[in-house]
Each structure stands twice: as structure tokens, then as C-alpha cells.
Amino acid sequence: MCYNLAVPTIVLGVTGSVAAYRAADVARELMRSGHVVRVVMTRAATRLVSPDLFAALTGNPVVVDVFDEPVPGQIAHIRLAQEADLVLIAPATAHTIARLALGLADDMLTTLALATRAPILIAPAMNPAMWAHPAVQAHVRTLQARGVEFIDPTYGVMACGDEGWGKLADTPTIVQAVQQRLARTKDLQGVRVLITAGPTYEPIDPVRFIGNRSSGKMGYAVAEAALAHGAEVVLISGPTALQPPAGTRVVRVQTAQQMHEAVLAEFDACEVFIATAAVADYRPERVLPTKRKRTQQGWTLRLVPNPDILATVAQRKGERIVVGFAAETDKALQHAQQKLRQKNLDLIAVNDVLEPGSGFEVDTNRLTLVYADGRVEPLPLMSKRECAEHLIRAVVHLLQEKRQQ
Ligand code: C5P
């Protein structure tokens with residue numbers, strides 16, 4: 001494993017909450033713990049705290065407008081977006097959270113947040129009624145579903161006199177969250193993760209196929225989460241309309257046999273294999289060369305079994321971590337445990353596709369992680385991106401355990 005030993009750069013976004021003054025303490029502590037800090041302020045924040053304070057504390061110019069160019073000729077929001085190892089927004093107002101959720105780019109901070117590939121951490125601070133408001137909570141969930149993480153506000157008396165949940169988390173909590181998030185950006189560095197995703201289409205004739213309801217969302221979310229942990233990701237994808245996360249190498253396939261060949265070609269070079277694809281178990285025995293015309297007669301198709309890609313490669317997994325998915329409709333846990341053994345897996349993520357909010361096409365899932373050592377870890381209903389994060393953390397632990405053996 002190779003680690004990036006460079007000093008991490010934190011872009012600290014400061015927005016117009018009364019707690020903006022506390023961002024100075026956060027900046028100082030981040031620098032004390034070995035980070036470079038570059039501050040970006042919203043216009044509202046500059047009415048509460050002078051940018052000069054942050055410039056003096058951090059030794060770096062502070063930017064506010066999209067057109068601010070501290071280094072002439074360099075487009076600041078792109079340069080900062082690329083330099084950032086992590087973007088921390090502390091304090092974050094309801095307004096900025098909403099702008100980020102909507103993908104607006106009307107100032108330097110929101111523009112940079114769109115342009116960066118670095119992880120984003122948000123520490124909100126606002127009146128308790130605002131924090132509890134369904135609009136704010138909906139924006140928080142939208143951002144969480146994209147992999148943004150929150151450092152929850154704490155309970156206390158606000159500047160306005162109200163009491164409740166809404167105070168900016170304390171500085172040590174924020175600094176620790178930054179350190180933990182940065183550590184995770186590297187825990188799969190140098191590890192190649194191979195992922196299958198989406199459905200397969202099994203042709204009947206040039207216009208018809210047998211497919212399934214898989215959208216690919218779970219597999220693409222797993223790819224995103226693995227990337228966020230620093231992995232090198234190879235995504236073997238069946239047909240989907242999804243945009244693969246930037247930085248993945250994508251191999252596109254249509255049929256189960258093509259997916260099998262692609263996996264065989266990539267398997268030896270990977271350290272982790274995660275099979276999220278809903279591979280068609282059967283394919284038509286014969287593919288008609290031309291479109292079959294409609295007649296008044298019935299039509300019987302003879303199907304033959306497809307290879308079980310996961311079971312085949314897991315037989316020769318060696319030191320690799322191999323993870324499967326099981327979409328079940330009954331006795332989910334029992335079937336998952338059976339599959340885990342039969343397919344020689346380290347971990348299987350099982351979900352009941354008949355449960356509301358779980359399974360195909362939707363953005364959420366309720367997974368239970370079942371381990372080879374018998375451990376069973378039920379996860380609550382959450383976005384597929386969050387499920388993916390849990391799964392990748394489980395993979396990191398399994399890898400660490402294996403390396404210690
Ligand atoms: O046996 P079942 O199809 O339910 O197992 C599901 C798991 O096996 C998933 O991880 C899926 O990606 C994988 N699988 C496969 N090749 C198949 C069928 C399933 O890799 N032909």
C-alpha cells in the first residue's frame with residue numbers, strides 16, 4: 001500500500017451564521033493538526049467576520065466572489081476545487097445547504113463545491129426550528145444521498161435565545177470528523193476494486209431481449225463509495241442510463257456471457273470483487289438472426305442457464321475479498337447464508353426486494369450484511385449511497401483482518 005504523505009489541504013467554507021466567528025478556531029486547530037487551510041466565505045459571512053482575520057490566521061488569501069483571482073491568471077474555484085483534499089463547510093446555514101442540494105453555483109463556495117471531487121463535510125449551525133424544518137432536512141438527505149457527510153449540530157441556547165438542536169458542533173468534534181474522513185479517503189489507496197452492476201440483457205432476436213428491473217443504482221453507488229475511499233475502481237456495467245462516477249474505468253457489456261468474460265479478464269488483477277449485478281440466470285438457447293414476426297400461434301422459448309459469474313470466480317479467490325448481493329423475496333437471511341457458503345464469499349449483502357423502499361429502481365435500500373464468520377449486521381433503511389458506504393467500510397475491515405493474518 002502506498003500513502004500520500006503530502007500535507008492535506010482543507011478548503012474551509014464559512015457561511016453567514018452567527019457561529020461564523022467560531023470558524024476561526026476551527027481553522028487554527030486544523031492548521032495545528034497539520035493541515036493547510038484555505039478559506040472561502042459567503043458574502044453574508046463577511047458581514048459577521050472580516051476575511052482579513054482568516055487571511056491572517058491561515059496565511060492564505062480568502063476568496064468570496066467567483067471572479068476573485070488571488071493568483072492572476074488562475075481560475076480560483078477550479079484550482080481550489082482541485083487542490084482540496086476535503087471541503088469543510090463550518091458553519092453551514094440553511095441557505096447554503098439548500099444551494100448545495102440544488103446544485104446552484106452563485107458564489108465561490110457553491111461553485112467550488114460542484115467543481116471538486118474531494119469529500120464534502122458540512123457542520124450546520126442555525127436556529128433549532130430551522131434545523132428541524134422539513135425543507136432543511138430534505139436537503140440534508142439529498143446531500144447525504146450524494147455522499148456528503150454531516151457533523152450534526154449540538155443542543156444548547158442559541159444567540160437568538162432559543163434553545164434546542166442547532167449549535168455548531170464543538171471544534172474538537174469537527175477536527176476529529178475531518179481527520180476520520182481524510183483517513184477514509186486513503187484506506188483503499190492502492191487497492192483495485194472490481195464491481196459488476198446493472199442488469200444483463202439476453203437477446204431473443206435483434207429487437208427483443210430478456211432483462212430485469214435492476215437499475216444499476218446500487219452498483220454505481222458502491223463504485224462511488226469505493227472511489228471515495230481511494231480505491232482504483234473497475235466497473236463492469238450492464239445496460240443502464242446512469243453516468244458512471246468520474247475516475248472509474250468502465251467496461252460496458254450487454255449479456256451475462258459478456259459480463260462473465262469481462263470479469264474473468266479483470267479478476268486476477270483485483271483485490272476486492274463486489275458483484276452487485278442482477279445477472280440473468282437464463283438466456284434463450286438460440287438468438288434469432290432476424291425479427292420474429294407476429295403470428296396467431298403461441299411462442300415457446302427454450303432457455304439455457306447462464307454461468308454463475310460470482311460462484312465461478314470465487315472458487316479461485318485466493319487472498320481476495322469477494323462480496324455478493326442477494327435480492328430475495330422470502331426467507332431472505334436463510335437464503336443469503338446458503339449463498340454465502342455455496343459461492344465461497346466473505347460477505348453477502350441481502351435485501352428483501354418486496355419490502356417498500358428496498359430493491360430495484362428506488363434510491364433507498366435496507367441491507368443486512370452477512371459475514372462468513374456468521375456475523376449478521378442489519379442496516380436501517382437508507383440511501384443506496386449510504387448503504388454502499390457501510391458496505392465499503394465492512395470491506396475495509398475484512399481487508400485489514402486478512403492482512404493481519
Ligand atoms: O444466486 P443469486 O443469483 O441470487 O446470487 C446473487 C449474487 O450472485 C449477486 O452478487 C450477483 O451479482 C451474482 N451472480 C453472478 N452471476 C450470475 C448470477 C448471480 O455473478 N449468473
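Counting only protein heavy atoms, what percent of the accessible surface of region 319-386 is carbon or sulfur at a 1.4 Å probe?
On the way: 1630 of 3280 Å².
Here it works out to 50 percent.
If you plug the beta carbon distance of Ala55 and Asp106 into 1/(1 + (r/R0)^6) with R0 = 25 Å, you get a FRET efficiency near 0.60.
Placing unit charges on each Cβ (+1 for Lys and Arg, -1 for Asp and Glu) gives region 131-191 a dipole about its Cα centre, and among Cys160, Val175, His133 the Cα reaching farthest toward its positive end belongs to Val175. Between Val287, Val323, Val370, the residue with the greatest mean-square fluctuation in the GNM of the chain (Cα pairs under 10 Å linked by springs) is Val287. From most to least packed by mean Cβ count within 10 Å, the peptides 219-226, 52-59 give 219-226, 52-59.
Computed from Cα atoms alone, the Kirkwood hydrodynamic radius reported for region 9-185 is 15.9 Å.
Among Gly247, Gly374, Gly147, the largest mean-square fluctuation in a Gaussian network model of the chain (Cα springs under 10 Å) belongs to Gly374.
Across region 86-102, coupling constants 3J(HN,Hα) worked out from phi with the 6.51/-1.76/1.60 Karplus curve, θ = phi - 60°, read 7, 10, 10, 10, 8, x, 10, 7, 4, 5, 5, 4, 5, 5, 5, 5, 7 Hz, and Gly and Pro carry x. Extent of the chain along its three principal axes (Cα atoms, max minus min coordinate, largest first): 78, 55, 47 Å.
Beta bridges from DSSP with both residues in the chain: antiparallel share about 30 percent, rounded to the nearest 5.
Express the accessible area of region 191-300 per residue in Å², computed with a 1.4 Å probe while the remaining protein chains stay in the model. The partial results should precede the final answer.
Working: 5300 Å² over 110 residues.
So region 191-300 comes to 48 Å² accessible per residue, rounded to a whole number.
Carbon and sulfur together cover what percent of the accessible area of region 31-99 at a 1.4 Å probe radius? That fraction is 56 percent. Each of the peptides 170-177, 71-78 was scored by the mean count of other Cβ atoms within 10 Å over its residues; in descending order, highest first, they stand as 170-177, 71-78.
Let me know the charge dipole size of region 9-185 about its Cα centre in debye, to the nearest 20, where only the beta-carbon of Lys, Arg (+1) and Asp, Glu (-1) is charged.
On the way: 14 positive and 15 negative charges, 63 e Å.
Its charge dipole is roughly 300 debye.
Sort out for me the Cα centre separation of region 85-119 from region 297-352, rounded to whole Å. Centre-to-centre distance over Cα atoms comes out at 40 Å.
Compared with the alpha-carbon gap, the fully stretched path from Gln189 to Ala311 is longer by 41.2 nm at 0.36 nm per residue.
Greater than 18 Å separation of Cα atoms is the criterion. Which listed pairs, Lys317/Lys402; Lys217/Lys402; Lys186/Lys343, meet it? Checking Cα-Cα distances, Lys217/Lys402; Lys186/Lys343 exceed 18 Å. If R0 is taken as 41 Å, the Cβ-Cβ distance between Gln338 and Lys293 corresponds to a FRET efficiency of 0.40.
Annotation: amide H of Tyr282 within the under-5 Å range of Asn306, sequence separation 5 or more or interchain, hydrogens built in the peptide plane.
Distances between placed amide hydrogens fall under 5 Å for Thr364 paired with Lys384, all partners being 5 or more residues away or on another chain.
Rounded to the nearest Hz, the phi-derived 3J(HN,Hα) couplings of region 228-234 under the Karplus curve 6.51 cos²θ - 1.76 cosθ + 1.60 (θ = phi - 60°) are 5, 8, x, 6, 8, 10, 10, where x marks glycine and proline. So which residue, out of Val234, Val251, Val140, gets the largest mean-square fluctuation from a GNM of the chain using Cα contacts under 10 Å as springs? Between Val234, Val251, Val140, it is Val251 that shows the largest mean-square fluctuation. Across region 140-153, computed HN-Hα scalar couplings (Karplus, 6.51 cos²θ - 1.76 cosθ + 1.60, θ = phi - 60°) run 4, 5, 4, 5, 4, 5, 9, x, 6, 10, 10, 9, 4, x Hz from first to last residue, x flagging Gly and Pro. Using the Cβ-Cβ distance between Leu264 and Ser33 with R0 set to 35 Å, the FRET efficiency works out to roughly 0.15.
Counting only protein heavy atoms and a 1.4 Å probe, region 1-106 has 47 square angstrom of accessible area per residue.
The values are calculated or read from the model by the stated rules, or taken from the named source; none is laboratory data. Being a predicted model, the structure only gives us computed values, none of them experimental. Neighbour counts run over all protein chains shown; Cβ positions are idealised from the backbone, glycine included. Note: accessible area is taken over every heavy atom of the protein model, side chains too, but ligands, DNA and RNA are not part of it. Shrake-Rupley method; radii C 1.70, N 1.55, O 1.52, S 1.80 Å.
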